[in-house]
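Novice: Sending over a structure as structure tokens; questions will come in a sec.
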Amino acid sequence: MTQAETHQAINAVWRIEQAKLVASLARMVRDISLAEELAQDALVAALEHWPESGIPDNPGAWLMATAKRRAIDRLRHRQLQDRKHVEIGYISDIDQDDVVEVLEARLDDDIGDDLLKLVFTACHPILSAEARVALTLRLIGGLSTGEIARAFFVPEPTVAQRIVRAKRTLADANVAYEVPRGDELAKRLASVIEVIYLIFNEGYSATAGEDWIRPQIADEAIRLGRILAGLAPNEPDVHGLVALMEIQASRFAARVGPNGEPVLLMDQNRARWDHLLIRRGLAALARAEALGPRGTYTLQAAIAACHARAPTAEQTDWSRIASLYAELSRIAPSPVVELNRAVAVAMADGPAAGLAIVEPLANEPALAASHLLPSVRADLLMKLGRLAEAKIDFELAASRTRNLREQKLLLERAAHCAKAPSPAPGDRHALALKADRP
């Protein structure tokens, strides 16, 4: 294996193991910031040793053992601050063997779920809502500050500051590393749901890099969502979130081609959809709707269910989808929801009707740097036969996305506009890019 291939493999391992590593270390040292530092130390050690020794059979265990040794080493040399000594139960007369025993006991404690504890700790009410989401996406999703900034349409330095301040606030307040109960659980639930949803979205449609999808991240979000549903069985939006994720995840096998290229919703082989996940998702949706009024996640799950129930792309009930987006817009108005509604209206009533909704969104600050608005507008213009304008918007959208697969797709569509005749009114590819998103 070449050095480049080894580094690529290390990066893949890190993507999978990072969140579990930080979560286990946080239980050991009772400090999220220190846990992340130790995890990074283990990654550096892997980058130093694995190119020569090869990837170990169990890379996650190797990283964990290395990080644990670093924690013990820090204690041995008394390099931690007094505050951190107290947080991990350090007493000045504890000998080295006792320190090792304490840390190993915490490492081997399997009570509860480390990742869920980490989510609830990062979503503590002491933090602002923005900080809770950013910190959890960083720790659990493994997203870079740039990826998180794109998710929130805010500058990257702002996200970096939020994360640093959040970790400092949690450490200064000595926040317990635990899953809360009772009233405290309810207080943090909305933020936790939002975080899990955003983690899933990053797995479903990666904001950057060479991968169109990141199934490992999406799978982790689904797992956390199911655990959360067990903790809060009477909360409709928890079940709505699980329904949404399971129905969307059912398409993973059909969303990429043999070489990892995107396969859009209208072109997917629906026989490759995971029908077990669809059945699970529809059951979760039924539970959510039975428990109370439909919230934002339940409505999005109902929209996803319209696609899941359609035997073919042509049989999709776009009028119902447009109606559901209108309902979603009433309870949670936003430019992104309105953009999704425009896609559904265009599919149901024609591109001119959709374009009438899209054009006013050009002045929305939240969409100013997003590739979604020009990509949707380009689709509509292409379907209307305004190919020169569509080409410009496809190119603009391509310049704004950092996902290389999506960028290539948008540039291909721009090139198609430059040489193709006006498409027929029923062009099945129009609007496919936006329609394939949660």
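Quick note: the coordinates plus some simple rules give every number you see, no bench work behind them. All values derive from a computational prediction rather than experimental measurement. Counting neighbours? That spans all protein chains shown, and the Cβs are built from the backbone with ideal geometry, glycine included.
Novice: Restricting to DSSP H runs of at least four residues, report the calculated mean residue ellipticity at 222 nm for the chain, -39500 (n - 2.57) per run over all residues, nearest 500 deg cm²/dmol.
Specialist: Taking each H run of at least 4 residues, the total per residue is -22000 deg cm²/dmol.
Novice: Same structure, new question: Dipole size in debye (nearest 20) for segment 229-366 around its Cα centre, Lys and Arg Cβ +1, Asp and Glu Cβ -1?
Specialist: Charge dipole of segment 229-366: 440 debye, to the nearest 20.
Novice: Starting from the amide H of Ala208, placed 1.01 Å from N in the peptide plane, find each other amide H under 5 Å away whose residue is 5 or more places distant or on another chain.
Specialist: none
Novice: Given a Förster radius of 41 Å and the C-beta distance between Ile16 and His416 as r, what FRET efficiency does 1/(1 + (r/R0)^6) yield to the nearest 0.05?
Specialist: On the way: r = 37 Å, r/R0 = 0.89.
According to the calculation, E is roughly 0.65.
Novice: Same structure, new question: Farthest toward the dipole's positive end in the chain, which of Leu404, His49, Pro215, given Cβ charges of +1 (Lys, Arg) and -1 (Asp, Glu) about the Cα centre?
Specialist: Toward the positive end, the furthest listed residue is Leu404.
Novice: Next up: With θ set to phi - 60°, apply the Karplus curve 6.51 cos²θ - 1.76 cosθ + 1.60 along segment 351-362 and write out the HN-Hα couplings as whole Hz, x wherever there is a Gly or Pro.
Specialist: x, 5, 5, x, 5, 5, 7, 6, 3, x, 6, 4
Novice: Additional query: Given Cβ point charges of +1 (Lys, Arg) and -1 (Asp, Glu) and nothing else, what value in debye, to the nearest 20, does the dipole of segment 9-60 about its Cα centre take?
Specialist: On the way: 4 positive and 8 negative charges, 56 e Å.
Charge dipole of segment 9-60: 260 debye, to the nearest 20.
Novice: Placing +1 on the Cβ of each Lys and Arg and -1 on the Cβ of each Asp and Glu in the chain, which of Val343, Gln8, Ala332 has its Cα farthest towards the positive end of the resulting dipole?
Specialist: Value computed over the given set: Val343.
Novice: Can you run phi through the Karplus equation (6.51, -1.76, 1.60; θ = phi - 60°) for segment 119-132 and list ³J(HN,Hα) in whole Hz, with x for Gly and Pro?
Specialist: After applying 6.51 cos²θ - 1.76 cosθ + 1.60, I find 4, 5, 5, 5, 9, 5, x, 5, 9, 5, 4, 5, 5, 4 Hz.
Novice: Once you put a point 7 Å from the Cα of Arg226 and another 7 Å from the Cα of His275, both along the Cβ direction, what distance in nm separates them?
Specialist: In this crude spin-label approximation the distance works out to 2.0 nm.
Novice: Would you mind pulling out the separation of the Cα centroids of segment 153-193 and segment 31-61, in Å?
Specialist: For segment 153-193 versus segment 31-61, the Cα centre distance is 26 Å.
Novice: Could you give the dipole magnitude of the chain about its Cα centre, charging the beta-carbon of Lys and Arg +1 and that of Asp and Glu -1, in debye to the nearest 20?
Specialist: Computed charge dipole of the chain: roughly 1200 debye.
Novice: Using a Förster radius of 41 Å, what is the FRET efficiency between Ala61 and Arg165 based on their Cβ-Cβ separation? Nearest 0.05, please. Before the final figure, lay out each step's value.
Specialist: On the way: r = 33 Å, r/R0 = 0.81.
Once rounded, the FRET efficiency stands at 0.80.
Novice: Given a Förster radius of 41 Å and the C-beta distance between Ala290 and Ala313 as r, what FRET efficiency does 1/(1 + (r/R0)^6) yield to the nearest 0.05? Don't skip to the end; give the middle numbers.
Specialist: Values: r = 30 Å, r/R0 = 0.72.
According to the calculation, E is roughly 0.85.
Novice: Explain nothing, just compute: Karplus ³J(HN,Hα) = 6.51 cos²θ - 1.76 cosθ + 1.60, θ = phi - 60°, for every residue of segment 232-249 in order, whole Hz, x for Gly and Pro.
Specialist: Listing the rounded values in order: 10, x, 9, 9, x, 6, 5, 5, x, 4, 4, 4, 4, 5, 5, 5, 5, 5 Hz.
Novice: Ok, one more. Under 5 Å between amide H atoms, partner at least 5 residues away or on a different chain: which partners does Glu178 have, H built in plane at 1.01 Å?
Specialist: Thr121
Novice: Related question: Contact order normalised by length for the chain, with contacts defined as Cα pairs under 8 Å and 6 or more residues apart; what percent is it?
Specialist: Working: 617 pairs, mean separation 48.1, N = 438.
Reported relative contact order: 11 percent.
Novice: Compute the angle between helix 404-419 and the longest alpha-carbon principal axis of the chain, please, reported from 0 to 90 degrees and rounded to the nearest 10.
Specialist: Approximately 20 degrees, to the nearest ten.
Novice: Still on this structure, I have one more. Between Asp172 and Gln8, what is the spin-label point distance in nm, taking each point 7 Å from the Cα along the Cα→C-beta axis?
Specialist: About 4.5 nm separates the two model spin labels.
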